[in-house]
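Participant: This is the structure, below, for whatever I ask next.
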Amino acid sequence: MQRVITSAPSKVILFGEHAVVYGEPAIAVAINLRTTVMMERAREYSVNGEPLDDRYHRYIKKAIELLWDGEPLRITTASAVPSASGMGSSASITVATVSALLAMMGREEERNVALNSFRVEYETQGRASPIDTSTVTHGKGILVANRKMDNFLWEVERGGTRWYIHHLEVPPLKLVVGFSGIKGHTPEMVEKVRRFYTWNAFARDVIREIGRITLEAIEPLENEDYERIGELMNRNNKLLTILGVSHPKLKEMIDASLRYSYGAKITGAGGGGCMIALTDEQDEVAKAIEEVGGKAYKVSIAQRGYEIMSRE
Ligand code: PMV
């Protein structure tokens, strides 16, 4: 194959971030902000006209290192996902790249894309759980659990923790993502929670309670009970705040959007990054978020995960 074009969505975590690192369940959905990758055989490696560089193209470089031993590639990328925001920009570029490399070799089955994308993220940034790469690969909704349940897709094991990835039926949620403008540092936030978790029994209770909330959310998600989903999001947010991953800017955006929302919470690692609100009034919520200085994205669920858009 000479040329492949792929695309991958981004994601938001609806329930269970941080707790998922300790094997608790979590729910995420793919959202319709996408990354596109074009890959062509060439004389030397390049990304968007620049030489392939570890500092700027970490995920692409790692994917090539782990998966490719063919001739050099000219790679062109375009992404609608703001970086370091908690919307899974790194998972999105990783899955688009990995699926393109695998498509070049005719090995782009969904499970293969998901497992290799997790490996790339894990080896690049010490990724704590496979939730982002699995969601971006599959699209729609994902439930990560510590045992096999209905609609099982694949499992991932790392450092003694095993995650079972499932398809989750989710209604057409109307979400608004509010970006604080402050870049989140996932590994730092994961480490901060890990210290708390290791030394403090109360923190371990909080993590387990987040797991219970996540399981409670499955039924209202399947039954389109938005009131209940919103209540559970608010409860999950309180617990994330207790874990110390909020930020005054996130709190401000959450408070502003609650007037028009069923519920709102931090999404992703926190400490900056993004919040999400579930609403029927996306315009009002977006306005409220921007009034307090955030950047709002009205998003909907991406039904499609990675896609091979063309191959020649
Ligand atoms: O902010 P993000 O998209 O990197 O999400 C982080 C989610 C955590 O649970 C905090 C870490 C993980 O790898 O699951």
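Participant: About the Cα centre of the stretch 1-132, what is the dipole size in debye to 20, counting +1 per Lys and Arg Cβ and -1 per Asp and Glu Cβ, all else neutral?
Facilitator: On the way: 14 positive and 16 negative charges, 42 e Å.
The dipole of the stretch 1-132 has a size of about 200 debye.
Participant: Which value, in debye to the nearest 20, gives the size of the charge dipole of the chain about its Cα centre, when Lys and Arg are +1 and Asp and Glu are -1 at the Cβ?
Facilitator: The calculated dipole for the chain is roughly 640 debye.
Participant: Taking Cα pairs under 8 Å and at least six residues apart, what relative contact order does the stretch 175-299 come out at, in percent?
Facilitator: 40
Participant: Rounded to the nearest 500, what is the chain's calculated 222 nm mean residue ellipticity when only DSSP H runs of at least 4 contribute -39500 (n - 2.57) each, over all residues?
Facilitator: -13000 deg cm²/dmol
Participant: Which whole-number percent is the relative contact order of the chain (Cα, under 8 Å, 6+ apart)?
Facilitator: Numbers: 730 pairs, mean separation 79.6, N = 312.
Normalised by residue count, the contact order of the chain is 26 percent.
Participant: Taking the DSSP beta bridges in the chain as the whole, what percent of them are antiparallel, to the nearest 5? The partial results should precede the final answer.
Facilitator: Values: 56 of 58 bridges.
If I count the DSSP bridges inside the chain, around 95 percent turn out antiparallel.
Participant: To continue, here is another question. Nearest 10 degrees, 0 to 90: what angle lies between the long axis of helix 248-258 and the longest principal axis of the chain (Cα atoms)?
Facilitator: 70
Participant: Would you kindly derive the ³J(HN,Hα) couplings of the stretch 182-188 from the backbone phi angles with the Karplus curve 6.51 cos²θ - 1.76 cosθ + 1.60 (θ = phi - 60°), listing them in order in whole Hz, with x for Gly and Pro?
Facilitator: With the stated coefficients, the stretch 182-188 comes to 9, 5, x, 10, 3, x, 5 Hz.
Participant: Over the stretch 1-122, give the accessible area per residue in Å² for a 1.4 Å probe, as an integer.
Facilitator: Per-residue accessible area for the stretch 1-122 comes out at 36 Å².
Participant: Still on this model: Any chance you could give the angle, 0 to 90 degrees and rounded to 10, that helix 58-67 forms with the longest Cα principal axis of the chain?
Facilitator: That works out to roughly 60 degrees.
Participant: Here's another thing I want to ask about it. Considering only C-alpha atoms, what is the centroid distance from the stretch 135-192 to the stretch 1-46, in Å?
Facilitator: After rounding, the separation between the Cα centres reads 12 Å.
Participant: About its Cα centre, what dipole magnitude does the stretch 175-299 give when the only charges are +1 on Lys and Arg Cβ and -1 on Asp and Glu Cβ, stated in debye to the nearest 20?
Facilitator: Values: 17 positive and 19 negative charges, 163 e Å.
Dipole about the Cα centre, nearest 20: 780 debye.
Participant: A follow-up question, please. In nm, give the distance between the simple-model label positions of residue 219 and residue 304, each being 7 Å from the Cα along the Cα-to-Cβ direction.
Facilitator: Between residue 219 and residue 304, the label points sit 3.6 nm apart.
Participant: By its C-alpha gyration tensor, with a ≥ b ≥ c as the square roots of the eigenvalues, how is the chain shaped: rounded for a/c under 1.5, else prolate for a/b larger than b/c, else oblate?
Facilitator: Working: a/c = 1.70, a/b = 1.52, b/c = 1.12.
Prolate.
Participant: Towards the positive end of the charge dipole of the chain, with charges on Cβ (+1 Lys, Arg; -1 Asp, Glu), say which of 27, 94, 292 has the farthest Cα.
Facilitator: Farthest towards the positive pole: 94.
Participant: Right, another one. Given a 1.4 Å probe, how much area per residue of the stretch 175-299 is accessible, in Å²?
Facilitator: On a per-residue basis, 46 Å².
Participant: Among 140/251; 148/298; 61/265; 11/148; 61/148, which pairs are too far apart, with a Cα-Cα distance over 30 Å?
Facilitator: Over 30 Å apart, Cα to Cα: 148/298; 61/265; 61/148.
Participant: Taking the 0 to 90 degree range and rounding to the nearest ten, how far is the long axis of helix 282-291 tilted relative to the main principal axis of the chain, both from C-alpha atoms?
Facilitator: It works out to around 90 degrees.
Participant: Rounded to the nearest percent, how much of the accessible area of the chain (1.4 Å probe, protein heavy atoms only) is carbon and sulfur? Spell out each step's value before the answer.
Facilitator: Details: 6080 of 13020 Å².
In the chain, the share of accessible area belonging to carbon and sulfur is 47 percent.
Participant: Amide H of residue 14: which non-local residues (sequence gap of 5 or more, or other chain) have their own amide H closer than 5 Å, using H built in the peptide plane?
Facilitator: For residue 14, whose amide H was placed from the backbone, the distant partners under 5 Å are 27, 28, 29.
The values are calculated or read from the model by the stated rules, or taken from the named source; none is laboratory data. It should be emphasised that the depicted structure is a prediction, and the values quoted were computed from it without experimental measurement. Cβ: placed from backbone, ideal geometry, glycine included. Neighbour counts: every protein chain shown. The accessibility values were calculated without ligands, DNA or RNA, using every heavy atom of the protein model including side chains. Shrake-Rupley method; radii C 1.70, N 1.55, O 1.52, S 1.80 Å.
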